[in-house]
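Notes follow once the structure below has been shown.
The values are calculated or read from the model by the stated rules, or taken from the named source; none is laboratory data. Just so you know, these numbers come straight off a predicted model, no measurement behind them. FYI the Cβ positions are ideal-geometry reconstructions off the backbone, even for glycines, and counts take in every protein chain you see.
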Amino acid sequence: MTKESLNDTLCGVWSASPTPFTRKMEIDIQSIERMVEHHIKLGVKGLFLAGTCGEGAWMTNDQRRQLVQNYG
């Protein structure tokens, strides 16, 4: 990856987004899909999931892995 292409990838607005959970404390995939689509429509270039909003520290490794596999 060139410096210019990396710059293009990382430039723009990125959002620190919460990770929605179901009542059973499972990752709410449907809500995440709606949230991602909403952010795309707003022109957001990227999302920070499972970290900066606080829930990342309380998630299991499997839950974080699920996010990365689906949205990383």
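Give the stretch 14-58 a look and list any residue that's in a loop (DSSP other than H, G, I, E, B), out of contact with any strand residue (DSSP E or B) (no Cβ under 8 Å at 6 or more places or on another chain) and over 14 Å from Tyr71 (Cα atoms), or say none.
Thr22, Arg23, Lys24, Met25, Glu26, Gly43, Gly54
Restricting to the stretch 25-41, what's the tally of residues that are out of contact with any Ser or Thr (no Cβ under 7 Å at 6 or more places or on another chain), within 21 Å of Leu10 (Cβ to Cβ) and in contact (Cβ under 8 Å) with a residue 24 or more places away in the chain?
Adding up the residues that qualify gives 1.
What's the number of the condition Asn70 fails, among (1) modelled with pLDDT of 90 or more; (2) in a helix (DSSP H, G or I)?
Here Asn70 meets the rest and fails (1).
What are the pairs with Cβ atoms under 8 angstrom where one residue, in the stretch 45-71, is on the phi > 0 side of the Ramachandran plot and the other, located anywhere, is among the polar types (S, T, N, Q) and not in a loop (DSSP other than H, G, I, E, B)? Sequence gap at least six, or different chains.
Filtered contacts from the stretch 45-71: Ala50/Gln63.
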